[in-house]
Amino acid sequence: MEIDAQPNVSKVSLKDFNANNFNRGTGKVKEVCWYLIKVIFFLSPLPFPSSVKAFLLKAFGARVGSRVILKPRINIHFPWKLDIGNDVWIGEEAYILNFEKVIIGDNVCISQRAFLCGGNHNYKDPSMPYRNGPITLLDGCWVGACCFVGPNVVIGIDAVITASSVVTNSLADNGVYRGNPAAFVKYRW
């Protein structure tokens, strides 16, 4: 495959980037307070009880269901844009970059080092403005270890995303998906 010759002068102009061109959902004081709580209770390797972490998430505006397991070193960007159902497991070092709403249904498993990334940039605009989007994980789905899930994605009921897969488009119910980009392999049930 040949690549057409490109001009040798960049059109990108990051000096025009506006980091605040999206709704952060709260004021700076609350955001700073969350960051301090996050460093102590969520990013720590110490196994603080899930009930304590759930309480803190709720105090900062998250909706958190019953019997939620929150392992150490979880990075949640904006709890006020997070909705977690019942009987959810979130593994160590999972990262939820929720510039927009992230909804996690009931009986969902997010494995270690999974990255739910609701942030993106419009690379076709020289100032590369944000192109963020929500993420929804429907009931019973499982996001395997080290997976990437991008913005504007809905993962279907009981879907399984195998380890290290990359999901940039919505996936249907009851499928097992693998690869980069994640592709249907077989039915789960």
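Taken over the stretch 135-153, the criterion of being open to solvent by less than 10 Å² (accessible area, probe 1.4 Å) and under 12 Å from the mean Cα position of the chain (by Cα) is satisfied by 135, 137, 143, 147, 149, 150, 153.
For the stretch 163-174, state whether one or more residues are closer than 28 Å to residue 27 by Cα, hydroxyl-bearing (Ser, Thr, Tyr) and open to solvent by less than 30 Å² (accessible area, probe 1.4 Å). Within the stretch 163-174, not a single residue is closer than 28 Å to residue 27 by Cα, hydroxyl-bearing (Ser, Thr, Tyr) and open to solvent by less than 30 Å² (accessible area, probe 1.4 Å). Applying the selection to the stretch 43-66, what residues are open to solvent by less than 20 Å² (accessible area, probe 1.4 Å) and in a loop (DSSP other than H, G, I, E, B)? Within the stretch 43-66, 44, 62, 65 qualify. Does residue 181 fit the bill of being modelled with pLDDT of 95 or more, assigned to a loop (DSSP other than H, G, I, E, B) and open to solvent by less than 30 Å² (accessible area, probe 1.4 Å)? For residue 181, the condition - modelled with pLDDT of 95 or more, assigned to a loop (DSSP other than H, G, I, E, B) and open to solvent by less than 30 Å² (accessible area, probe 1.4 Å) - is not met.
With respect to the conditions (1) farther than 30 Å from residue 47 by Cα; (2) open to solvent by 60 Å² or more (accessible area, probe 1.4 Å); (3) at pLDDT 95 or above, residue 156 falls short on a single one, namely (2).
Is there a residue in the stretch 69-82 that is within 19 Å of the chain's Cα centre (by Cα), under 21 Å from residue 153 (Cβ atoms), among the aromatic types (Phe, Trp, Tyr) and part of a helix (DSSP H, G or I)? Looking through the stretch 69-82, at least one residue is within 19 Å of the chain's Cα centre (by Cα), under 21 Å from residue 153 (Cβ atoms), among the aromatic types (Phe, Trp, Tyr) and part of a helix (DSSP H, G or I).
Only one of the listed residues (40, 74, 69, 103) is crowded, with 19+ Cβ neighbours inside 10 Å and aliphatic (A, V, I, L, M). That residue is 74.
Test residue 132 against the stated conditions and say whether it is of a type in the set (S, T, N, Q), exposed (fewer than 15 other Cβ atoms within 10 Å of the Cβ) and within 24 Å of residue 93 (Cα to Cα). Against the criterion (of a type in the set (S, T, N, Q), exposed (fewer than 15 other Cβ atoms within 10 Å of the Cβ) and within 24 Å of residue 93 (Cα to Cα)), residue 132 does not qualify. Only residues that are in contact (Cβ under 8 Å) with a residue 40 or more places away in the chain, under 30 Å from residue 20 (Cβ atoms) and assigned to a loop (DSSP other than H, G, I, E, B) were counted across the stretch 86-139, and they come to 7. Applying the selection to the stretch 4-33, what residues are farther than 22 Å from residue 120 by Cβ, part of a helix (DSSP H, G or I) and either among the acidic types (Asp, Glu) or open to solvent by less than 90 Å² (accessible area, probe 1.4 Å) (or both)? Those that are farther than 22 Å from residue 120 by Cβ, part of a helix (DSSP H, G or I) and either among the acidic types (Asp, Glu) or open to solvent by less than 90 Å² (accessible area, probe 1.4 Å) (or both): 30, 32, 33.
Only a single item in (1) more than 18 Å from residue 102 (Cα to Cα); (2) among the aromatic types (Phe, Trp, Tyr); (3) modelled with pLDDT under 95 is not met by residue 130, and it is number (1). Within the set 86, 75, 122, the sole residue that is polar (S, T, N, Q), more than 19 Å from residue 141 (Cβ to Cβ) and at pLDDT 95 or above turns out to be 75.
The values are calculated or read from the model by the stated rules, or taken from the named source; none is laboratory data. Keep in mind it's a predicted model, so treat the numbers as computed, not measured. Glycine gets a Cβ as well: all are built from the backbone with ideal geometry, and neighbour counts include every protein chain shown. Side chains included, ligands, DNA and RNA excluded: accessible areas come from the protein's heavy atoms. Shrake-Rupley method; radii C 1.70, N 1.55, O 1.52, S 1.80 Å.
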